[in-house]
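Working notes, structure below.
The values are calculated or read from the model by the stated rules, or taken from the named source; none is laboratory data. What you are looking at is a predicted structure, and each value in this text was computed from that prediction instead of being measured. Neighbour counts are summed over all protein chains in view; Cβ atoms, including those assigned to glycine, are modelled from backbone coordinates with ideal geometry.
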Amino acid sequence: MLAYILRRVLTGAVLGVLVTFLTFWLLSFSFDGVVANVLGPAASPSAVAALKADLGLDRPLIVQYLDWLGGVFGGDFGVSFFTSEPVTDAVVSRLGVTLSIVLIALALSVVVSIILGVLAASRAGVIDRVSQGVSLLGLLLPNLLIAIVLVVVFAINLRLLPATGYTPFGESPLRWAASITIPVIVLVINGVSNMSAQIRGTMIGELRKDYVRTLRTRGVPTWSIVYKHALRNAAAPALVVLSLEFIAMFGGALIIENVFALPGFGSFAFNSSIQGDIPVIMGVTVFSVMLVVGVNLLTDLINGWLNPKARIY
Amino acid sequence: MISAAVLLIIVLLGIFAPWIAEHGPNDAALSAVNAPVGAPDYPLGADQNGRDIFSRLLYSINTSVVSALIGAAVAISIGLTCGLIGGYFGGRIRGGIEWVFNLIMTLPGILLLIVLMPLTKGDFRVTMLIYGVLLAPGIYRLVRNVTVGVRNELYVDAARVSGLSTLRILGRHVMPVVQGPVIISTAFLMGSAIGVQSGLAFLGVGSTEVPSFGAMIAYGFTNLYVDSLQFVWPALMLGVMTASFVLFGNSLRDALEGARPKASSVSKSAGSKGPARHEQAPKNPGDADALLSIENLHLTYPDPSGTPKPVLNGVSLAVRPGETMGLVGESGSGKTQTAFAALGVLPGEASIPEGSIKLDGRELIGLSERQLRGIRGRDIAYVPQEPMSNLDPSFTIGAQMVESLRAASSVSRSAARKRAIELLGHVGIADPERTMRLYPHQISGGMAQRVLIATAVACRPRVLIADEPTTALDVTIQAEILDLLRDLQAEMGMAILLVTHNFGVVADICERMAVMQDGRVVETGDVAEVFRNPQHPYTQKLLASILDESVVRDDDRVLAGESSEGIN
Amino acid sequence: MAEKLLEVESLHVEFPGRGFRAKPHEVLHGVSLTIDDGEVLGLVGESGSGKTTIGRAILGLVKASGGEIRFQGENITHVGPRRRRELARDIQVVFQDPYSSLNPALTVGDILSEPLVIQGSTTRDARARVKALLDQVGLPADAAERLPREFSGGQRQRVAIARALAPQPKLIVCDEPVSALDLSTQALVLKLLIDIQRETGVAFLFISHDLAVVRHISHRVAVIYQGEIVETGPAEIVTSRPEHSYSRRLLLAAPVADPIEQRRRREERKRLAENGSMETGAGVR
């Protein structure tokens, strides 16, 4: 088990190195622009060269990359070209906002999807039609539109919730909750539409399997067949969707944060990309890859626990 | 297909934008700043820079369509090619491709698009090119799965044996199957590409010169308190476009793949809508002392159009206490459906228009699931055909046995465990304690069947319904399982209804037999009697088809042109 | 000594193990058999014995890891794809499952003419040949325009047999060709196979788990057990008075459709078991 986790973490590290190198290489085509950004349009060529040397951008690409990588393994992600703020601090504070929205939305989506998907599969009829309607709705409209509609209706017309802005949890938990409610709802609509359809489909397949009939012939109660046996077997494919859904929600959050003017990862990444703040961009990339690797590992571990055939460790 | 028409109109509007719109998308007129809807020359008004919203809307269509085309084209060309290769070849080639796609899939896509802005310069075409690569794994997985499925079909092996080259097999046998799903997902891909493109444009990724829904929404949004309608138009248009793509994809799927799986209730017992009618059914001789008696049982399933299609047409059958009754027939004769009806485990869509199933005089049709639960496992038990698929793969043998035992008789967990171990020993499993801890995939088929039999007889049922209990097993194992059933019956005195297509099995274990054809029992009688002197022509035909034990091929091997007499 | 049509000599086949760097799993441990021109060799074994793998190795669908397969004296164990495609003219196949072995999207005519066109026949010749083939397997001529789903299992198997006959091969590998069929259909298809074999003199490798079926069609019978051939001989002897203990077990385990004879057989089997020569079949995997 420990060896398995270790191996997965190592694979994750390899993935991280690969992705960051790719990003770094692609970014290297725009280094000149970055320097011009820092100095402003009127900078003389000699000043540009001097700054390039100063930032270390004139060295061979691989040397720059290895230098940066060495720092990362030592816990040092460098400082922003523009604000001189340490990258780690900046990333962590922004990531917190986005992550809290995403994780809350993900947890809610899972619960709602399971209830909706299982009920739809095992009861059929009206519940099934409702669940299919919900999943179609989420598919039909992009996150952005749902976000805007909700803002206009709840925040601007009804004035129930704040339209924009963010209150840290430490300041006022209640206002914090209010400030993230609409973004969470937007992500949940999308998450439920993806996951409930998946769970419904897998559950329908599972409930038609032979072992379900056999359990019935033994007098095993229906709730046990549905929630203990079928749901557990349906969980493996659902988990794959869950880890993909995390990535999708993360991406979705980056865009809708902007609707609500939340100081999250999306606007942060956007601004640093516009400016060409290389250390920050790299930090953003590393943290998000780590996040994805972590979530994938977690879902695989849960899958192994649920599904004895998948226990590879 | 309304969605398709809507899409077509939208696309045409975009193409003919230069002729329809009065102004260029970036023509700003100071006089028109924040012009209201219906202003002269500005049908939908103008934005805060004095640009014609109607014109921008039309030009934005082109941006969206181009985004959708680029994203989908890249995703499909990469995903389809790799999917076909990976799916058909397998082994190391697939391993390598798979690794790359898994890597792409774990990339935080939208973030990457933002991060790479310095490279893409915000050009939506380059951005969509990258997004297409990020979408490719979805198509790859789809194509690979379909291809692997086709690859495992014997007709592909047959084509190889016929001398078709790999390329030809892919083109002739694999592509037609892959086509449908790929076309369907293209519609969804396009919808999602448009959504992402507008999301990014909303963020501000991209040139301000390029009109797009996202950018328009962003402008309108910041201008919300001045003119709340400005963001409504692009939002509406974007919504209509993505929704049309998704709906178009859905209707394509319905058209190409037929109905999607419908949910059906797990526990609804078939035909429980009202009391069973007892019509003048022909009574079987010896019904009086029957333990399980089925009379004039009719069963229907709805066909795709919903009209009931008969599966059983008046089955009458009686099983006496302690006897083994063989229910014989060819595939489609309805023998398994009869067994499921007796157990009350027909699927939800089945219905029983008339007939009666009595266990020891008690009518089973019309009982609620709760009432049936009290009978199942205790009075009537079931041994299935395919041992592996009838065990839940996620639970240990022990856990499944204990749960079943406790469902049928209210005993404590530890007592149930003890009884389970005892039963496993009883059915000839060498190390019961160890077997209790194993998962189904860790035991052989023969052993799984022993586990299922042990669980079925746990509460000493009065009737055991065994549906082809040895068909999935090898003959040597079959003989052992039949011996086990015979021994258990001698010990417990239960009646067995044995469904089979194999006359050898009937001859081995049954005392009486019933022959089914087209949803009816055509002949019932003592096994020895029926074998010696079959009455019904169908029984006679079946018995005549049995390969005679004594016939051995005795003619010599032949060379072309030689003739000889027929067999038999 | 006359040249055999097919010679398989100490054939080994292994499949890659499951998982990364898993040990390969050998399913055939040195199988040898021969088939003469115009001869039917029955190959009997239980599931997992490797009987299907032998057929697939001869057809080139799985790779041999050791040993040799010779067809008319030519070593075809590792021939390249071009020569393999040419061999399609001489070696053909009929699979067990008549549902999966016919492409549901092609008409019967297309299915049958595919191998002919590949081997260089013109469309017109192919059409005439398809008509003759349908007639040979007892299907109506208008079957060519119809799709496989319009046919019953037995009729589909006739189509599959016609496809195998199309290039007038010298050897057909029949992999459980009647096992998926109902009893009455089984007897008819088996009779068709015997008739065709007599008329055309094609050789069969007839793979089955059912001794009764093998007995009907084979000149010689080989019994395979756990990847090894344990007994080969004339059909009459192997299927009624086998020498090897496993063959005997197999014979006695198959129930006969005669209550009195079956009781006698059961008792004989139990006697044999009590003598201790019988290992238990249900073991932990």
So C:Ile76 ticks every box in (1) free of Cβ contacts under 8 Å to residues at least 40 places away in the same chain; (2) at the interface with chain B (Cβ under 8 Å from one of its Cβ atoms) but one. Which box is left unticked? (2)
Looking only at the range B:24-72, which residues are touching a helix residue (DSSP H, G or I) at 6+ places or on another chain (Cβ under 9 Å), in a helix (DSSP H, G or I) and not hydrophobic (A, V, I, L, M, F, W, C)? B:Ser55, B:Arg56, B:Tyr59, B:Ser60, B:Asn62, B:Thr63, B:Ser64, B:Ser67, B:Gly71
Please work out if B:Ile20 is surrounded by 15 or more Cβ atoms within 10 Å (Cβ to Cβ), over 34 Å from the mean Cα position of the chain (by Cα) and not assigned by TED's automatic domain parsing to the domain that holds B:Thr222. no
Quick test for you: out of B:Ala448, B:Ala416, B:Ala381, B:Ala458, pick the one residue that is small (Gly, Ala, Ser), touching a Leu at 6+ places or on another chain (Cβ under 9 Å), at the interface with another protein chain (Cβ under 8 Å from one of its Cβ atoms) and touching a residue at least 12 places away in the same chain (Cβ under 8 Å). B:Ala381
So B:Ile443, is it under 21 Å from B:Gly344 (Cα atoms), within 14 Å of chain A (Cβ to nearest Cβ) and among the β-branched types (Val, Ile, Thr): no
Scan the range B:464-498 for residues that are modelled with pLDDT of 95 or more and among the β-branched types (Val, Ile, Thr) and jot them down. B:Ile465, B:Ile496
Within the range C:267-285, tally of residues that are surrounded by 12 or more Cβ atoms within 10 Å (Cβ to Cβ), in a helix (DSSP H, G or I) and either modelled with pLDDT of 90 or more or more than 7 Å from chain B (Cβ to nearest Cβ) (or both): 4
Of the candidates A:Gly266, A:Gly251, the one satisfying the condition of being within 10 Å of another protein chain (Cβ to nearest Cβ), free of Cβ contacts under 8 Å to residues at least 12 places away in the same chain and in a helix (DSSP H, G or I) is A:Gly251
So, of the residues in the range B:294-346 that are charged (D, E, K, R) and farther than 19 Å from B:Ile375 by Cβ, which turns out to be surrounded by the fewest Cβ atoms within 10 Å (Cβ to Cβ)? B:Asp303
For the range A:24-35, which positions are touching a residue at least 40 places away in the same chain (Cβ under 8 Å) and either farther than 13 Å from A:Gln64 by Cα or not in a helix (DSSP H, G or I) (or both)? A:Ser30, A:Gly33, A:Val34
Could you check the range C:47-69 and list, in sequence order, the residues that are more than 14 Å from every other protein chain (Cβ to nearest Cβ), of a type outside the set (Gly, Ala, Ser) and touching a Leu at 6+ places or on another chain (Cβ under 7 Å)? C:Ile54, C:Ile69
Here the qualifying pairs (Cβ atoms under 8 Å; residues six or more apart or on different chains; first in the range B:233-255 and more than 10 Å from chain A (Cβ to nearest Cβ) and among the small types (Gly, Ala, Ser); second assigned to a helix (DSSP H, G or I) and surrounded by fewer than 21 Cβ atoms within 10 Å (Cβ to Cβ)) come out as B:Ser251/B:Ser3; B:Ser251/B:Ala4
The range B:28-44, residues that are within 14 Å of B:Asn223 (Cα to Cα) and either in contact with a strand residue (DSSP E or B) (Cβ under 6 Å, 6 or more places away or on another chain) or at pLDDT 80 or above (or both): B:Ala35
Reported set for the range B:384-413 where residues are of a type in the set (Gly, Ala, Ser), touching a Lys or Arg at 6+ places or on another chain (Cβ under 9 Å) and more than 7 Å from chain A (Cβ to nearest Cβ) is B:Gly398, B:Ser409, B:Ser412
Where residues in the range C:228-251 are buried (at least 18 other Cβ atoms within 10 Å of the Cβ) and either without any contact (Cβ under 8 Å) to a residue 12 or more places away in the chain or facing chain B (nearest Cβ under 8 Å) (or both), which of them is nearest to B:Asp555 (Cα to Cα)? C:Ala235
Do the conditions hold for B:Gly83, that is, is it buried (at least 20 other Cβ atoms within 10 Å of the Cβ) and either within 30 Å of B:Leu154 (Cα to Cα) or touching a Phe, Trp or Tyr at 6+ places or on another chain (Cβ under 7 Å) (or both)? yes
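Per-residue answers, yes or no, for (1) more than 7 Å from chain B (Cβ to nearest Cβ); (2) touching a residue at least 60 places away in the same chain (Cβ under 8 Å); (3) touching a Lys or Arg at 6+ places or on another chain (Cβ under 9 Å); (4) among the basic types (Lys, Arg):
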{"position": "C:Pro167", "(1), (2), (3), (4)": "yes, yes, yes, no"}
{"position": "C:Ile172", "(1), (2), (3), (4)": "yes, yes, no, no"}
{"position": "C:Asp175", "(1), (2), (3), (4)": "yes, yes, yes, no"}
{"position": "C:Val178", "(1), (2), (3), (4)": "yes, no, no, no"}
{"position": "C:Ser184", "(1), (2), (3), (4)": "no, no, yes, no"}
{"position": "C:Ala187", "(1), (2), (3), (4)": "no, no, no, no"}
{"position": "C:Lys191", "(1), (2), (3), (4)": "no, no, no, yes"}
{"position": "C:Leu211", "(1), (2), (3), (4)": "yes, yes, no, no"}
{"position": "C:Val221", "(1), (2), (3), (4)": "yes, yes, yes, no"}
Pairs, first touching a residue at least 24 places away in the same chain (Cβ under 8 Å) and within 28 Å of B:Pro137 (Cβ to Cβ) in the range B:56-80, second among the basic types (Lys, Arg) and assigned to a helix (DSSP H, G or I), C-beta under 9 Å, six or more apart: B:Val66/B:Arg125; B:Ser67/B:Arg125; B:Ile70/B:Arg125; B:Gly79/B:Arg141; B:Gly79/B:Arg144
Identify all residues within the range C:98-111 that are facing another protein chain (nearest Cβ under 10 Å) and either buried (at least 23 other Cβ atoms within 10 Å of the Cβ) or farther than 16 Å from C:Glu150 by Cβ (or both); write none if there are none. C:Pro98, C:Ser100, C:Ser101, C:Leu102, C:Asn103, C:Ile111
Go through B:Val178, B:Val210, B:Val182 for me and flag whichever is of a type in the set (A, V, I, L, M, F, W, C), closer than 30 Å to B:Asn49 by Cβ and in contact (Cβ under 8 Å) with a residue 24 or more places away in the chain. B:Val210
From the list B:Val530, B:Val521, B:Val515, which residue is within 34 Å of the chain's Cα centre (by Cα) and closer than 18 Å to C:Val256 by Cα? B:Val515
Filter pass, B:Thr338 being β-branched (Val, Ile, Thr), closer than 30 Å to B:Ala507 by Cα, more than 13 Å from every other protein chain (Cβ to nearest Cβ) and under 29 Å from the mean Cα position of the chain (by Cα): yes
Look at the range A:58-105 and say how many of its residues are in a helix (DSSP H, G or I) and of a type in the set (Ser, Thr, Tyr). 5
